[in-house]
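The values are calculated or read from the model by the stated rules, or taken from the named source; none is laboratory data. The shown structure was predicted, so the numbers you read here are calculated from the model rather than taken from an experiment. Here the Cβ positions follow ideal geometry from the backbone for every residue, glycine too, while neighbour counts run over all protein chains shown.
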Amino acid sequence: MPQYRNQFDPGTGAHIDVIVSKPIDIYGEEYAARSETRLHMLIDTGASKTAIGTKAIQAMNLQPVEKRTVRFATAERSVNLYQIDMTCDIFSPPFYLANISVMGFDFVDGWKGGILGRDFLEKIAIEINGPEKYFKITV
């Protein structure tokens, strides 16, 4: 089973890079490939849903498929949902998720990346070792 292991800074958390694109099954392979964007994603075990920054959404020209009210730690907000394909090429072979739903989110500092929530994390095995400051993902 493919594994990835890396160190992390407890102040900023564990991150991985993923490639997101418009879904191939909706837009076709060529058009989806032209929309590919690499994002730096925070692994967030407290988030129920994966979210990507609005800057990435605008760069990819994604259109919302649904609007939903989501509960955050301090309040409820209405957010747009988008369909994307996601590839984790840190594995060999790459780990690919087709046509998944993600939230659009305005990150405070204008960060273009996103967060990987439990909807993503339930598809992998993850070990986070705080004292030794490493994380390991197995798919």
Which residue out of Thr45, Thr37, Thr74 is within 13 Å of the chain's Cα centre (by Cα) and more than 30 Å from Glu132 (Cα to Cα)? Thr37
Every residue from the stretch 84-139 that is touching a residue at least 24 places away in the same chain (Cβ under 8 Å), out of contact with any Phe, Trp or Tyr (no Cβ under 6 Å at 6 or more places or on another chain) and of a type in the set (Ser, Thr, Tyr): Ser92, Ser101, Tyr134, Thr138
Here are the criteria: (1) without any contact (Cβ under 8 Å) to a residue 40 or more places away in the chain; (2) of a type in the set (Gly, Ala, Ser); (3) in contact with a Gly (Cβ under 7 Å, 6 or more places away or on another chain). Tell me which single one Ala73 does not satisfy. (3)
Identify, by number, the condition in (1) of a type outside the set (Lys, Arg); (2) over 18 Å from the mean Cα position of the chain (by Cα); (3) under 22 Å from Tyr134 (Cβ atoms) that Gly13 doesn't meet. (2)
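Do we find that Glu76 is exposed (fewer than 11 other Cβ atoms within 10 Å of the Cβ), closer than 30 Å to Pro10 by Cα and of a type in the set (Asp, Glu) in this structure? Break it down stepwise before answering.
Values: exposed (fewer than 11 other Cβ atoms within 10 Å of the Cβ): yes; closer than 30 Å to Pro10 by Cα: yes; of a type in the set (Asp, Glu): yes.
Answer is yes for this residue.
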Subset of the stretch 44-70, residues in contact (Cβ under 8 Å) with a residue 60 or more places away in the chain and either closer than 18 Å to Lys112 by Cβ or of a type in the set (Lys, Arg) (or both), comes to Asp44, Ala47, Lys49, Thr50, Ala51, Ile52, Gly53
For the list (1) modelled with pLDDT of 95 or more; (2) of a type outside the set (Val, Ile, Thr); (3) more than 18 Å from Gly104 (Cβ to Cβ), I need the number of the one condition that Leu39 fails. (3)
Only one of Ile90, Ile100, Ile115, Ile84 is surrounded by 16 or more Cβ atoms within 10 Å (Cβ to Cβ), in contact with a Pro (Cβ under 8 Å, 6 or more places away or on another chain) and of a type in the set (Val, Ile, Thr), namely Ile84
Inside the stretch 90-125, the number of residues satisfying the requirement of being aliphatic (A, V, I, L, M) and either part of a strand (DSSP E or B) or touching a Gly at 6+ places or on another chain (Cβ under 6 Å) (or both) is 8
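Here are Thr69, Thr74, Thr87: which of them is assigned to a loop (DSSP other than H, G, I, E, B) and either polar (S, T, N, Q) or under 14 Å from Ser21 (Cβ atoms) (or both)?
Checking each option against the conditions leaves just Thr74.
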Single unsatisfied condition, Lys22 versus (1) modelled with pLDDT of 95 or more; (2) of a type in the set (Lys, Arg); (3) surrounded by fewer than 18 Cβ atoms within 10 Å (Cβ to Cβ): (3)
